[in-house]
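The values are calculated or read from the model by the stated rules, or taken from the named source; none is laboratory data. None of the values given here were measured: they were computed from a predicted structure. Reconstructed Cβ throughout: ideal geometry from the backbone, glycine too, with neighbour counts over all protein chains shown. For the accessible areas, the whole protein counts, side chains as well, though only heavy atoms, and no ligand, DNA or RNA atoms are used. Shrake-Rupley method; radii C 1.70, N 1.55, O 1.52, S 1.80 Å.
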Amino acid sequence: MIYPKQKLGDLTSFVASGITPRGGNSTYVESGPKLVRSQNVLMGGMSLDNVARIDPEIFESMRRVRVLRDDVLLNITGASIGRACRVGFDIGDAVVNQHVAIIRTHKKQLSPALLAYAFQTDALQCAILSGQTGAAQGGFNHQKIRSLEIPLPPPSEQDRIVEILDQADTLRQQRRQADALSQRILPALFHEMFGDPNRNEREWPTLPLDVAFDDVSRKGNKIPRSEYLTAGKIPVIDQGQDAIAGYWDEVGDAYRGKLPVTLFGDHTRIFKLLEHPFCIGADGVRLLRPKTMDCHFAFGLLTLLDVPSRGYSRHFKELRSLTYIDPPQALQERFGNAVAELRQLTAKAATSAATLETLFQTLLHRAFDGSLTAKWREGHAKELLQEMAHQA
């Protein structure tokens, strides 16, 4: 069965985005109403870990874009354009900024949960990415949101689809939680073996950055972000959150130094341990290779150091100002062996997670082509015909 498509504008009661809060340094406070930004809107979920707080008076001036339970939030600008989630809880006093759109559906026609899943499909992602407007960062305006065409199953079938996808998504979330817990193992092991590297309470010998590391950032051609490929011979690694930012076909442009090497995001303060051939992505990437330290120990050390945040300024000078503990080589190698073993287990977990994600994407595709609930539909034919007649 092919579901009829309807424009999102006919299925919504409210589509709007916020504005840049005006108030300078007084805009943000330690406690107060929430300002939901693009980093809080994840694909299929919402994170309030780093939510901003704003002055109550500013919140009142932005009340028109207050977030309610069952709203669907969509990132409409920047690198995260197209990410969407449903607000599945009472969020309290919260508004969105100019990078996030609120979409409020007529619930009897379109389930908010189903819409949030629809935004994860290739069809809607392609429609959003191809419909960007504006400056270099791109954007997706309200008119284009309303013009999106949504497959529209009957309401009772929408509920059944959401029920199945929710069960599958719960398994995905459990996998992600397990992966997040595994990320705590290495920092805990490092602290147990070497203590806090920022305080150096065990009084290990220390080295300055230039003595501890070689800066090998120039051993490869940097690939502009605008030229990344979606597939290619060699991965492009940059300072962003994603493990792989894109691909490149010219193998001669790849990093030419020894591996492994640690990538430092000069703007983002992100560290990545790179053990396989790669191309250097965009600007703001520094590559560090330890001169005498065990490579895995050095990576653990770098990730645990307190590098002060300077916003989107460069941070390599902050890295230079720090000192680096240098415990006995044998102890470093013991830690390195443990890291290597754990990374093997992590690689297996990543394969498992990728398989789980592929299965979910298959379910997602079937949900909107009508095949997911085909058998269920046979047993509810009379009910569905009544609903379809009512919709018509």
* Asked: Does the stretch 297-315 contain any residue that is in a strand (DSSP E or B) and at pLDDT 95 or above?
  -> no
* Asked: Leu274: without any contact (Cβ under 8 Å) to a residue 40 or more places away in the chain and touching a strand residue (DSSP E or B) at 6+ places or on another chain (Cβ under 7 Å), yes or no?
  -> yes
* Take the residues in the stretch 329-357 that are farther than 16 Å from Leu186 by Cβ and of a type in the set (D, E, K, R), then tell me which one is modelled with the highest pLDDT. => Glu357
* Taking the condition over 26 Å from Leu11 (Cβ atoms) and of a type in the set (Asp, Glu), does Glu383 pass? -> no
* Structure fact -> Flagged in the stretch 223-249 as over 12 Å from Pro277 (Cα atoms) and either touching a residue at least 60 places away in the same chain (Cβ under 8 Å) or among the charged types (D, E, K, R) (or both), in numbering order, are Arg225, Glu227, Asp238, Gly240, Asp242, Asp249
* Structure fact -> Subset of the stretch 207-249, residues over 27 Å from the mean Cα position of the chain (by Cα) and among the aromatic types (Phe, Trp, Tyr), comes to Phe213
* To do: Just give me the residues in the stretch 297-315 being open to solvent by 10 Å² or more (accessible area, probe 1.4 Å) and farther than 19 Å from Asn200 by Cα, in sequence order.
  => Ser309, Arg310, Gly311, Tyr312, Ser313, Arg314
* Asked: Among the residues of the stretch 316-330 satisfying the criterion of being outside any loop (DSSP other than H, G, I, E, B) and of a type in the set (D, E, K, R), which is nearest to Pro205 (Cα to Cα)?
  -> Arg320
* Structure fact -> Checking Arg146, Arg104 in turn, the sole residue that is at negative phi, open to solvent by 10 Å² or more (accessible area, probe 1.4 Å) and part of a strand (DSSP E or B) turns out to be Arg104
* Asked: Does any residue of the stretch 362-371 turn out to be outside any helix (DSSP H, G or I) and open to solvent by less than 60 Å² (accessible area, probe 1.4 Å)?
  -> yes
* Out of all the residues in the stretch 212-241, which are within 24 Å of Arg320 (Cα to Cα), part of a loop (DSSP other than H, G, I, E, B) and hydrophobic (A, V, I, L, M, F, W, C)? -> Val216
* Of residues in the stretch 269-289 being touching an Asp or Glu at 6+ places or on another chain (Cβ under 9 Å) and open to solvent by 10 Å² or more (accessible area, probe 1.4 Å), the one farthest from Ile234 (Cα to Cα) -> Arg269
* Counting only residues that are among the charged types (D, E, K, R), surrounded by 17 or more Cβ atoms within 10 Å (Cβ to Cβ) and either farther than 16 Å from Val100 by Cα or free of Cβ contacts under 8 Å to residues at least 60 places away in the same chain (or both), how many does the stretch 26-52 have? -> 0
* To do: Could you tell me which of the residues Glu341, Glu387, Glu357, Glu333 is over 29 Å from Leu263 (Cα atoms) and either open to solvent by 40 Å² or more (accessible area, probe 1.4 Å) or part of a helix (DSSP H, G or I) (or both)?
  => Glu387
* Asked: If Met193 passes every condition in (1) open to solvent by 60 Å² or more (accessible area, probe 1.4 Å); (2) part of a helix (DSSP H, G or I); (3) at pLDDT 95 or above but one, which one does it miss?
  -> (1)
* Using the structure shown, decide if Gln125 is part of a helix (DSSP H, G or I) and either among the small types (Gly, Ala, Ser) or surrounded by fewer than 12 Cβ atoms within 10 Å (Cβ to Cβ) (or both). => no
* With the checklist (1) touching a strand residue (DSSP E or B) at 6+ places or on another chain (Cβ under 9 Å); (2) at negative phi in hand, flag the one item Asp90 doesn't pass. => (1)
* Asked: Would a scan of the stretch 321-328 turn up a residue that is crowded, with 16+ Cβ neighbours inside 10 Å and over 26 Å from Ala188 (Cβ atoms)?
  -> no
